[in-house]
Amino acid sequence: MGRNAAVEIKIAYIGGGSRGWARSVMTDLALCPQFKGEMALYDIEPIAAELNVGVGQAIFQHREARTKFRVRACKTSAEALKGADFVFLSITPGPMRMFANDIDIPARYGILQPVADTTGPGGISRALRTIPTYVAYAREIMKICPHAWVINYTNPMTLCVSALYAAEPDIKAFGCCHEVFGTQHKLARLVEQYLKVPRPPRQEIQADVAGVNHFTFVPAASWNGHDLYPLIARHIQTQGLWDDQTEFALESRARGRWFTSKGLIAYDFFRRFGVLGAAGDRHLAEFVPWYLTSEENLNRYGVILTPSLYRLSMWDARERDIAAYRQGKRAKPKIETLKRSGEEGINQLLALAGLASLDTNVNLPNQGQMPDLPLGAVVETNAQFRKDSVRPVVSKPLPAGVSELVRRVIATQRLTLEAGLNKDKDLAFQAILSDPLCRIPVDRAWAMFNEMLQANKAMLPGWGL
């Protein structure tokens, strides 16, 4: 093999009908000349995978593509996994109507959730649907391609990765999330503003990462030898920064900018606890009780609720594509240019293949990288990606107050995991009651919980519902 010859790999993509992640991965892969090979797509909706085969062919045949991959749809997950070097897991756990229920049912009981895919009653509900699926995939992977690296993109991230390791402790799996990238961009803007230099790329921001997915923090950050914490302390004193942001929130809602915020909740953690929040405000707000006391209070921080109708509209677009395919209306994908997604999945593969090195944030069982938290709990810290190795980096300790908040989240997640593994209704309800967003009378919480179980009944076999 020549020195610059591309390495041949096989990627199995479970959830290969994804309209987002799968297409981003294929685009990034097409711009990576170090790899060539095959991408096998599997989806429980076969037509969705077939549609992405067409997208993949258009991407890899594009004039800007720097490599070639064979993209094919598989009828079974086993077929996709056979001979795989890497496995991507990116699924939607159940129909989108169930995701809408995760938002709407708690809302009827007075519990608000901007996202509802990680924590809160909605996140717990989603986890109960997801855990048995991930247990099955873990066992199938270890049977068919036990040496493959498994990269999870599905939420709830922590519980998906936890389920993989609970089922198969020797699996080589980790979870990826891009929330920290937004914080690096935020810190790069502070570097530009206060150090009077051109804005650096986010990759130059050295950010320590600690916490659990979507409830992550940056206990230390630097750029080019400059400690960035004094800049954050200076920034939160900016006149007008803490003004009521309701007008901004209402404008965002009117324009359908559901994911927009000003980062005030992340800064508020710095103001109250001395550590910067590393996830987006919509996620951070769901892990504590004081931002979601009302929609008006959330709006004060410039954050809005994402309505279930928006989630359903995204699903409707996919269903229209599938219906058109069934009718023989197979429009050829039009791709004007190939643009990198900014995600790190392909860079991680390069490092694991021994073609590069990479240090980045990742979700892994705690081996001591967060000494103050329970061993075995899936936590998010930085890690070193090297050839066939992911080694977590010990994080700087979190302040005592935030560490205790994270510990409580882990306790609730462990209850949820055990409930999902054992189909235990009592444990699942205890998880609901333990969640900080559940501030309603216990009898109403019980009614809400049972309504959510019934809404998930089709995906909870063995629960006796």
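No lab work stands behind these numbers, since they all come straight from the coordinates. These figures come from a predicted structure and were not determined experimentally. For neighbour counting, all protein chains shown are included, and Cβ atoms are generated from backbone atoms with ideal geometry for every residue, glycine included.
Can you give me the Cα centroid spacing of the stretch 330-366 and the stretch 1-72 in angstrom?
11
Can you list the aspartates and glutamates whose alpha carbon sits under 15 Å from that of residue 332, skipping same-chain ones fewer than 8 residues off?
List returned: 50, 321.
Please sort by residue number the trypsin sites (Lys or Arg not before Pro) in the stretch 161-235 whose DSSP state is loop and whose Cβ has at most 10 other Cβ atoms within 10 Å.
196
State the extension gain, in nm to one decimal, for the chain segment bounded by residue 295 and residue 309, taking 0.36 nm per residue of separation less the distance between their alpha-carbons.
Taking 0.36 nm per residue and subtracting the Cα distance, the gain is 3.3 nm.
Hey, which lysines would be in cross-link range of residue 396, C-alpha to C-alpha under 23 Å, not counting anything within fewer than 8 residues on its own chain?
List returned: 186.
Rounded, prolate or oblate: which one fits the stretch 13-62, using the alpha carbon gyration tensor with axes a ≥ b ≥ c (rounded when a/c is under 1.5, else prolate when a/b beats b/c, else oblate)?
It comes out prolate by the Cα gyration axes.
Using unit Cβ charges (K, R positive; D, E negative) and no other charged atoms, how large, in debye to the nearest 20, is the dipole of the chain about its Cα centre?
Around 1320 debye, computed over the chain.
Sort the stretch 304-343 into rounded, prolate or oblate with this rule: let a ≥ b ≥ c be the square roots of the eigenvalues of the Cα gyration tensor; rounded if a/c is under 1.5, and if a/c is not under 1.5, prolate when a/b is larger than b/c, oblate otherwise.
oblate
Set the bar at 27 Å for Cα to Cα. Now go through 75/143; 143/329; 172/334 and name every pair that lies beyond it.
143/329; 172/334
For residue 97 and residue 259, FRET efficiency with R0 = 25 Å and r from the beta-carbon atoms, rounded to 0.05?
0.70
Is the stretch 51-125 rounded, prolate or oblate when judged by the Cα gyration tensor, a ≥ b ≥ c being the square roots of its eigenvalues, rounded requiring a/c under 1.5 and prolate requiring a/b larger than b/c?
Cα axes put the stretch 51-125 in the prolate bin.
Take every Cα pair under 8 Å in the chain that's 6+ residues apart, average their separations, divide by the length, and report that relative contact order as a whole percent.
It rounds to 18 percent for the chain.
Within the stretch 243-347, report the trypsin sites (Lys or Arg not before Pro) that DSSP leaves as loop and that have at most 15 other Cβ atoms within 10 Å.
255, 257, 329, 330, 334, 339, 340
Would you calculate, for the chain, the mean residue ellipticity at 222 nm contributed by helices, counting each DSSP H stretch of 4 or more residues as -39,500 (n - 2.57) and dividing by all residues, to the nearest 500?
Calculated at 222 nm, the ellipticity per residue is -14000 deg cm²/dmol.
For the stretch 264-311 and the stretch 95-121, compute the distance between their C-alpha centroids and round to whole Å.
16
Candidates (i) 155; (ii) 171; (iii) 207; which is the computed volume of the Cα convex hull per residue in Å³?
From the options (i) 155; (ii) 171; (iii) 207, the structure gives (i).
In the stretch 370-438, what trypsin sites (Lys or Arg not before Pro) fall in a loop by DSSP, with at most 13 other Cβ atoms inside 10 Å?
387
Using 0.36 nm times the number of residues separating residue 250 and residue 407, minus their current alpha carbon distance, what extension gain do you get?
That works out to 53.1 nm of additional length.
So, with +1 on the Cβ of K and R and -1 on the Cβ of D and E, and no other charges, what is the size of the charge dipole of the stretch 1-154 about its Cα centre, to the nearest 20 debye?
I would put it at about 300 debye.
Mind giving me the FRET efficiency for residue 220 and residue 67? R0 is 35 Å, r the Cβ-Cβ distance, nearest 0.05 is fine.
Between residue 220 and residue 67 the formula returns 0.40.
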